[in-house]
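See structure below.
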Amino acid sequence: MNDAFNYVAVLVSIIIGLAATRLLSAMSEMLQVANRPRIYWVHIMWILTLFIQVLLSWWVLYRWHYVTNWTFFLFVWVTIPAILMYLASAVLFPGELETSGSPDWRDYYYKNRRSFFLIFGAIAPLDIVDTLLKGKQHFFDQGMLYLPFIAVWGFGCLTAAITRNTRYHAFWSIAFPSVIIGYAAVVLLQLG
């Protein structure tokens, strides 16, 4: 295995690990009986969805193992999605609700939706560049569903950042994880 990749992967894994820790803390807090009256199911869905994305990103990081000539640009590039996921997790779950200034997680979610969805949605177009950097063949290996998937991700998050419509947020909190799980299953089964 490439020592340079191992070196880069350590930092990226730490950042992804911090995001996963924050999201697991959120799930733990939401499971506590005392906090149940304040939870909001749409918020929980995004915590679970972001956790799935964190796991997928860590798994997909390995696709960079073949690179032998690492540059500072490539190192920064590979680190950006992990940073965005950490920032999204920090916005989605800042810690205990009492420190957020919101009476419940529903209020907190809608007050902070813009920041969360702009950060999370920014990962979508970056993924196109990331995929192209891995080579033209890797881009084509993603299949015909890749660009529509990225478009749904980006535009869906942009809409969620703009609108406060509770029906849209309920729909998007179910639709996006369904799409990402379905797409990931197809791609990971094909590519390994």
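Values as computed for the structure displayed
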item	result
Three-way shape label, the stretch 45-111, alpha-carbon gyration tensor, a/c 1.5	prolate
Entry for semi-axes √(5λ) of the Cα gyration tensor in Å (calculated from the structure that is shown) out of [x] 30, 19, 14; [y] 27, 18, 17; [z] 29, 16, 16	[x]
Phi-based couplings in Hz for the stretch 176-181 (Karplus 6.51, -1.76, 1.60; Gly and Pro marked x)	5, x, 5, 5, 5, 5
Relative contact order %, the stretch 3-191, counting alpha carbon pairs below 8 Å whose residues are six or more apart	24 percent
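A short reminder: the numbers here are calculations on the coordinates, not readings from a lab. A quick note: this is a predicted structure, and the numbers were derived from the prediction, not measured.
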